[in-house]
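What follows is calculated from the coordinates using simple rules that are stated; it is not laboratory data. Given the structure is predicted, the values throughout are model-derived calculations rather than measurements. A quick note on method: Cβ atoms are made from the backbone with ideal geometry, for glycine too, and the neighbour counts reach across all protein chains shown.
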Amino acid sequence: MKKALTRITGVLAAFVLPAITMAQTSVGNISQVGQFIIDTINNVLVPVIFAVAFIIFLWGAFWTFVVGANDEEVKTKGKNLMLWGLIGFFVMLSIWGLVNVLTGTLSFSNTNVTPPSSGINVGS
């Protein structure tokens with residue numbers, strides 16, 4: 001029990017401490033906190049999840065073609081891992097694409113938009 005608690009604490013510290021140290025210099029108001037969280041998700045969490053799905057797919061390929069070359073049950077286990085890796089990729093890409101389309105369409109960005117000019121010079 002104590003060993004498991006130590007591992008959990010270590011994993012949490014590995015993910016939380018960099019965020020705390022980066023937050024000290026890059027966060028000043030609520031808008032920056034939200035942008036920091038979004039940037040952390042986009043630049044850290046999403047690539048890690050894609051890497052995990054890719055590793056699961058490769059692990060399934062290893063079990064299918066190397067370990068299970070002569071064993072049908074092991075091949076089935078490897079094929080299932082490959083399938084779940086591909087499903088993970090598909091779901092993540094779909095959700096990520098949908099979020100990017102909605103963000104671009106509904107202008108949930110932090111950029112200032114200037115109104116179009118009418119082309120009429122008043123005061124010349």
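Data for the structure
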{"item": "Net length gained if the chain between Q32 and S94 were fully extended (0.36 nm per residue, minus Cα distance)", "result": "19.6 nm"}
{"item": "Fully extended contour minus Cα-Cα distance, from L106 to T40, at 0.36 nm per residue", "result": "21.6 nm"}
{"item": "Inter-label distance, nm, simple model (7 Å from Cα along the C-beta direction), K3/K77", "result": "2.3 nm"}
